[in-house]
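Asker: The following block contains the structure, expressed as structure tokens.
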Amino acid sequence: MSQNERIIENVNATMAMENMPLENEDRGRILECLEGRISFQEAVEALVNKYTHKQVF
């Protein structure tokens, strides 16, 4: 198991204790941050925008 996979599994275990296990999308987002493809700040901003702006269909 790689270091990144270990980090993701540790985060998942912690979240699962609160009955909020990671979804595949969450795992992918964390991996992108760990690999440096996006910054943690960019990931947070994207989530804030996703959940605070009303989507128009």
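Asker: So which pairs qualify, if the first residue must be in region 40-56 and under 15 Å from Asp26 (Cβ atoms), the second must be of a type in the set (A, V, I, L, M, F, W, C), the Cβ gap must be under 7 Å, and the two must be at least 6 apart or on different chains?
Answerer: Between residues of region 40-56 that are under 15 Å from Asp26 (Cβ atoms) and residues that are of a type in the set (A, V, I, L, M, F, W, C), the close pairs are Phe40/Cys33; Ala43/Cys33.
Asker: Among the residues of region 8-57, count how many are surrounded by fewer than 12 Cβ atoms within 10 Å (Cβ to Cβ) and at pLDDT below 95.
Answerer: Residues flagged as surrounded by fewer than 12 Cβ atoms within 10 Å (Cβ to Cβ) and at pLDDT below 95 within region 8-57 amount to 10.
The values are calculated or read from the model by the stated rules, or taken from the named source; none is laboratory data. Predicted, not measured: the structure shown is a model, and the values here were computed from it. Backbone-built Cβ (ideal geometry, glycine too); neighbour counts: all protein chains shown.
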